[in-house]
């Protein structure tokens with residue numbers, strides 16, 4: 001599969017090391033994947049002028065201890081807000097609004113999300129078998145959904 005100008009640079013932000021299982025199919029499709037296991041590293045990658053991302057896959061339920069103090073205080077003082085959600089609202093939406101529109105949520109929880117989030121989400125654990133080493137039988141449908149989000153077909 002050749003690399004074309006249609007290939008995207010994807011930032012995956014998830015504190016679960018099993019997520020590399022899903023990055024392989026994305027890379028096999030010709031996209032570049034940058035995996036960050038914590039929000040501070042993700043923030044550094046976003047702010048690096050040499051790294052421009054087209055799409056973000058973001059886990060909402062991450063440890064936010066490594067976030068800048070002002071963001072950490074927001075989610076800690078806001079009942080029900082996770083660190084990942086604070087990162088989305090106060091980093092992506094404010095600093096990178098176009099990229100915020102191209103963010104897909106990694107979460108099993110469906111409660112309290114806006115409609116776009118319910119449409120543009122998937123659950124990591126539905127991708128993997130019980131031993132978390134290989135893709136599950138549901139994985140092709142989920143990977144297809146992710147790939148369509150990364151590279152939508154324009155008519």
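Calculate log10 I(q)/I(0) of the stretch 1-100 for q = 0.12 Å⁻¹, where I(q) comes from the Debye formula with a single equal point scatterer on each Cα and nothing for solvent. Computed log10 I(q)/I(0) values: -0.40.
Taking R0 as 41 Å, what FRET efficiency do you get between residue 52 and residue 77 from their Cβ-Cβ distance, rounded to the nearest 0.05?
Numbers: r = 33 Å, r/R0 = 0.80.
Efficiency at R0 = 41 Å is approximately 0.80.
Bear in mind these aren't lab numbers, they're just calculated from the coordinates by the rules spelled out. What you see is a predicted model, and the numbers here were worked out from it, not measured in a lab. Cβ sites come from the backbone with ideal geometry, for glycine too, and all protein chains shown count toward neighbours.
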